[in-house]
Structures are given as C-alpha cells and as structure tokens.
Amino acid sequence: GLHHVTGDAAIEAYLYEDLETYARETGLMQPMRLGPTVGEFTPARLREIKALVPPSDELTPLVVHATFAIAQWPPEVIEQRLAGTLSAAAEAGVAVALHLNTWWAGTPFGFDGVGGRWCDPEYQQVTFDPATGQFGLSIPNHWSSVPWLTTRNARLNEFKARCFRTFGQLVRAEWDAFEARHGVPPSDAFPLRTLVLDNEITYWGAGNPGTSATLQADFNPAVVAAALEQGLTLDPRDGL
C-alpha cells in the first residue's frame, strides 16, 4: 500500500502484484453471461442454446428475450408469456434477460383513452434538419415505419409507467409461486437475471440509416413546453 498526504487530504492507493488472483479469491471475478437473442422459448430450444455455451469460470449461458412488449400486450398476455418464459428457462437451467422494450417491435399502437392512438403525431418525436431548415416526424422510415415516441408526453409516460408497474407485480407473483412450482427457493434458482428498461430513446436524434446525418430530435411540443418551464427556449432554428 502507498500513503501520501497533501495538505489536509490523505491519498491512499493499494497495489497488487497479481490483481486477477486477488479478484478471484475475493469473489470479484464473475463469469460473463453470454447468449443469443431467442425467438422460441421452449425447454428443448433453450437446452440447445445452453449446450452451445458450456459453463466455465469465464462464461455462463444466458438467453435474451429482446422485445418483451409490455406496452403492446394486455396484462393477461404479459402474465402468460412471462410465466412461460421463466418456466422454460428454469426447466432448461439457463438464465434469462428480458428487454422490456416500448420501442421497435414493442412500440404501442393501441388506443390512448382519449380518442387517439399512441402512434399519433401528438406522441411522436419531432425532428429538425438544420441542413434544410425543415421539421418532420420519424415516420415514414424503413424500419416498417415504426414511429419513435417522445419522452415528455405526460399521458404517454403514465401509460408506460402503468405497464412497468404491472410487469413488476407479475414478476413478484412469479417469484412468490416459484418454490411451489419448482420445489426450490427462488433465491437459488429464479431464472430472471437481467431487466433492460427501454433503450435507444435518442435513436432518431442520433441519426440512423436512410436519414440526414444532421437530423436532430426531439422537438415535440411537450418537450418544448417542459424546456420553457425551466427558462429555456428550445428552438433548433437558432442553432440551440
């Protein structure tokens, strides 16, 4: 160890001749979970995937459900698919990662409760291209014209929050029922290892294939209003 005093501050640093051995002995080294995105969540299919990644000190198998569409499926469908996914993973003895996407194939297209749909322009990101001076929307696009939704609309955000709460309640119910169903405590064998809560929310502003390299987002009126509440005029025409 090294100890150095500078003024009133003490700086300490510990150096290890073999950091890897130290990390392994203290339990800091954990195997990397490796596995593909899976479309068919059956025990037989998951066993095939598991066989491709034999467990070792460096690697342990994982399967990924890349679009668990909690904002698109009704609660009874979420419950059914969650139970089926976790049951298959537990039977195959493999960990599972669920991506709770409300983008891409998980984008909600249902009714908003006030006469519209979640894919309407009111809820979409508004783009601006400084090269042309034009505002626009994220559709049409070559990703099946799936709209990119704004992050600031209060009604949309409350809907998404309800979806996440419902999912959390269903996971808790699965946890509580796990021991009765499989005969082992969930803390030892519950297959859910990773949750990803949405991703790529700034994708449209960062640019994507087939669009202008200078495209910016999001200038939805709800975002502009939120900025104004903080004393900011969010107008991309003046260069921000």
Coarse-grained scattering of the chain at q = 0.13, 0.16, 0.18 Å⁻¹, given as base-10 log I(q)/I(0) from a Debye sum over alpha-carbon atoms: -0.94, -1.09, -1.24
Relative contact order computed over the stretch 19-81 (Cα-Cα under 8 Å; 6+ residues apart), in percent: 34
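Please report, in debye to the nearest 20, how large the charge dipole of the chain is about its Cα centre when each Lys and Arg carries +1 at its beta carbon and each Asp and Glu carries -1 there.
On the way: 16 positive and 28 negative charges, 172 e Å.
So the magnitude is around 820 debye.
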Length added when fully stretched, residue 114-residue 13, from 0.36 nm per residue minus Cα-Cα: 30.4 nm
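Averaging sequence separations of C-alpha pairs under 8 Å and six or more residues apart, then dividing by the length of the stretch 126-240, give the relative contact order as a whole percent.
With pairs under 8 Å counted, the relative contact order is 35 percent.
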Per-peptide average of other Cβ atoms within 10 Å, ordering 54-60, 34-40 highest first: 34-40, 54-60
Point-to-point label distance, residue 175-residue 37, nm (Cα→Cβ direction, 7 Å offset): 2.8
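Could you check how many percent of all C-alpha pairs in the stretch 189-232 are farther apart than 15 Å? Intermediate results must be reported in sequence, preceding the final value.
Values: 606 of 946 pairs.
Taking all Cα-Cα pairs of the stretch 189-232, the fraction more than 15 Å apart is 64 percent.
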Tilt relative to the chain, helix 43-52 - C-alpha long axis, 0 to 90 degrees, to 10: 70
Cα pair distances in the stretch 1-124, grouped into 10 Å bins until the bin that holds the longest one, percent each: 11, 26, 20, 16, 14, 11, 2
The chain, relative contact order in percent, only Cα pairs under 8 angstrom and at least six apart counted: 18
Which of 141, 184, 226, positive extreme of dipole for the chain (C-beta unit charges): 141
Principal-axis tilt of helix 75-92 within the chain, Cα atoms, nearest 10 degrees: 30
q = 0.12, 0.16, 0.21, 0.22 Å⁻¹, the stretch 57-181: log10 I(q)/I(0) [Debye, one scatterer per Cα]: -0.58, -0.87, -1.20, -1.27
Equivalent ellipsoid, the stretch 132-240 (semi-axes from 5 times Cα gyration tensor eigenvalues, Å): 40, 18, 11
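Values in this text are rule-based calculations from the coordinates and carry no lab data. Computed from a predicted model, the values in this text were never measured in an experiment. Positions of Cβ are backbone-derived with ideal geometry, glycine not excepted, and every protein chain shown enters the neighbour counts.
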